[in-house]
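Structure record follows, encoded as structure tokens.
Only the coordinates and a few stated rules stand behind these numbers; no lab work does. Worth saying up front: this structure is predicted, and the values here are computed from it rather than measured. In this analysis, Cβ positions are derived from the backbone assuming ideal geometry, glycine residues included, and neighbour counts consider all displayed protein chains.
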Amino acid sequence: MAAVVIIAAFIALFAFRALRAEGADVVVTADGEEILRVPLDEDLEQDIVTDLGRNHLSIRGGTVRVTEADCPDLICVRAYSGGISHDGETIICLPHRLIVSVEGGEEADVDAVAGQPAEAGARERKV
């Protein structure tokens, strides 16, 4: 019985990810110029190399992440370690002037002030 529940949960998770990524693109810009555009639902491992440095882009299961970079602070790797998958979300590497964003698809429900899901931000601000 437990195995059936676990299998059903995995099927639901994969179906949710497929629906969430439908119609979305990953757009990579370097120094303000678009250098790559690929569908979010297409798995890809890609090094993005510019005059300012290297970032490794990973798209898997409808989520995009920067998994490696040669910048000094690695904020693009650590701060977005869970990846992004919704319209309007971005990963930014300031030293390399690189922006990875999701365009199209489902919008994220994010509290603009708290920078987290709207429901979580609302709970934290209650007094």
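Values computed for the structure shown
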{"item": "Gain on full stretching of the segment that runs from residue 92 to residue 49 - 0.36 nm per residue minus C-alpha separation", "result": "14.0 nm"}
{"item": "In order through the stretch 78-84: 3J(HN,Hα) via Karplus (6.51 cos²θ - 1.76 cosθ + 1.60), integer Hz, x for Gly, Pro", "result": "6, 5, 10, 4, x, x, 10"}
{"item": "Additional length obtainable on full extension of the chain from residue 79 to residue 37, 0.36 nm per residue less Cα span", "result": "12.9 nm"}
{"item": "Summed residue charge, Cβ within 15 Å of residue 67's Cβ, Lys/Arg positive, Asp/Glu negative", "result": "-1"}
{"item": "Phi to ³J(HN,Hα) by Karplus 6.51 cos²θ - 1.76 cosθ + 1.60 over the stretch 52-57, Hz, x for Gly, Pro", "result": "8, x, 10, 10, 9, 9"}
